[in-house]
Amino acid sequence: MTKNIDYKALSAELDDVLEKLQSGDLDVDEAVKAYERSMEISKQLETYLQEAENKVIKVKASWEAKGKQ
Amino acid sequence: MGSSELVLSVTDFVAVFNQTLEYAYPAVTVVGELANFRISKNRWVYFDLKDENASVKFFGTVYQLPGPLEDGLMVQVSGVPRLHPLYGFSITVQNIQPVGEGSLKRAAALLQTKLEAEGLFDDSRKRPVPYPPKRLGLITSGESAAYHDFVKIMQERWGGVDIQLADVQVQGEVAPGQVIAALNYFNMHEEPVDAIVITRGGGSAEDLAAFSTEQVTRAVAASRIPTIVAIGHEVDLSLAELAADQRASTPSNAAQLLVPDKQHVVKQLHATRTSLGTALQRSVSKGQTSVRMAAQSLSEAVKHYLATLQRDLALRQQILAALNPAMALNRGYAIVLQNGKSVRSVKQLKTGDTIDITLHDGTVRAEIT
């Protein structure tokens, strides 16, 4: 399910990984791992964007003003 | 005494009259020009409504006012007519609203000046609206074009947003109360929304009046949850928009401000993937270079070591060669053994002993004489 992903958190993680990878400080092992992770995140984000639907729920409450004042 | 005429005490008359009035006119709505408007002790409101031929007294509290009012405004007042035991006839106000474009504008201007002075519209009060929000409170009419536009644009641009719709009336006498009740609902809900959107489409000044009332404007300003207010109209801003953390020109514009466009974000994601690939390649080739360099210096070290070993071996071979007994035999020396043991002195031998003499090309046996 794509419903429960935290878009903001994943998006921030992607930026973070990208920055690390671009800094060139990672050794190859770490770089490959970071790359795999970031690809995974980016695919998740894309799937989310393409599949997630907004959900409208009508609030069941009465909006009659509760007395004057 | 045959008079059928009813004679009442003054107190009884007031009571009977009020009863009759209440039966005949439980409530009345009157339109007229405001005159002699005054507020007493910050609480009681007195004024007259008049036209060319008549004038009627009204009495109420400041809580019923839509905002500051002044003489000359056209207003519509609902209330209960009543004869006061001491002060005479008046209508007790239940609701009062300016009517007509001119009066509405004037009343809004008076209110705007008052609230501005209180700092309700200050930029320093504006909070950022979470971008994109996960949960949204939407206050609008569920039947309206504004609602459908908003939801449609939200869907086109983004997904996964949980929109809680508070379906309220957005015009008419009940609108302010409903909008405020919905704002309170979202502010007190245990699962808070990230932002509240209040929206409706355009309309006449009267249609939009609810969003310029003092109560609604204050409720928007007081919301603990950030607000976006989008009231579609031509020129003038409603006061609720001025009090909101963010304002939008139309319901669709509110959706645009709330969430990014996913087409654009997907494009960015693709670009990010390309840069990730490039960055990885750089990392890998950097790794390869260092491996190559390590291998090279390793092989040089090995070569050097082997050369040392070879030199060492050659040296020892020379020494060994020098120590080889066969070399001595070549030069004419001989090895003398008696019963397999080397003979180092003539004193070891006596006449008749047998010895083995080894020369470079063989061994002979001899007897001592």
Checklist outcome for this item: For strands (runs of 3 or more DSSP E) lying entirely in the range B:69-154, having 2 or more residues that are polar (S, T, N, Q) and either within 39 Å of the chain's Cα centre (by Cα) or not assigned by TED's automatic domain parsing to the domain that holds B:Val170 (or both) picks out B:74-84, B:88-98
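Any residue in the range A:18-29 that is of a type in the set (Gly, Ala, Ser), more than 7 Å from every other protein chain (Cβ to nearest Cβ) and over 30 Å from B:Tyr63 (Cα atoms)? Quick ask: steps written out before the conclusion?
So in the range A:18-29, the residues of a type in the set (Gly, Ala, Ser) come out as A:23-24.
Retained after the next criterion (residues that are more than 7 Å from every other protein chain (Cβ to nearest Cβ)): A:23.
Of the ones still in play, those that are also over 30 Å from B:Tyr63 (Cα atoms) are A:23.
Looking for residues that are of a type in the set (Gly, Ala, Ser), more than 7 Å from every other protein chain (Cβ to nearest Cβ) and over 30 Å from B:Tyr63 (Cα atoms), one finds at least one in the range A:18-29, hence yes.
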Checklist outcome for this item: Being within 18 Å of B:Ile231 (Cβ to Cβ), crowded, with 20+ Cβ neighbours inside 10 Å, among the hydrophobic types (A, V, I, L, M, F, W, C) and in contact with a Leu (Cβ under 9 Å, 6 or more places away or on another chain) narrows B:Ala205, B:Ala210, B:Ala195 down to just B:Ala195
Item to check | Subset of the range B:146-162 [within 14 Å of B:Leu257 (Cβ to Cβ) and facing chain A (nearest Cβ under 9 Å)] | outcome: B:Met154, B:Trp158, B:Val161
Next on the checklist: Let me spell it out: the conditions are (1) over 16 Å from A:Val56 (Cα atoms); (2) within 14 Å of another protein chain (Cβ to nearest Cβ), and B:Glu143 meets all of them except one. Which number is the exception?
Outcome noted: (1)
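Can you tell me which residue among A:Glu53, A:Glu40 is at the interface with chain B (Cβ under 7 Å from one of its Cβ atoms) and at pLDDT 85 or above?
Checking each option against the conditions leaves just A:Glu53.
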Checklist outcome for this item: Scanning the range B:163-195 residue by residue, the ones that are free of Cβ contacts under 8 Å to residues at least 12 places away in the same chain and more than 10 Å from every other protein chain (Cβ to nearest Cβ) total 2
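The values are calculated or read from the model by the stated rules, or taken from the named source; none is laboratory data. Just so you know, these numbers come straight off a predicted model, no measurement behind them. Positions of Cβ are generated from backbone atoms using ideal geometry, with glycine treated the same way; all protein chains shown enter the neighbour counts.
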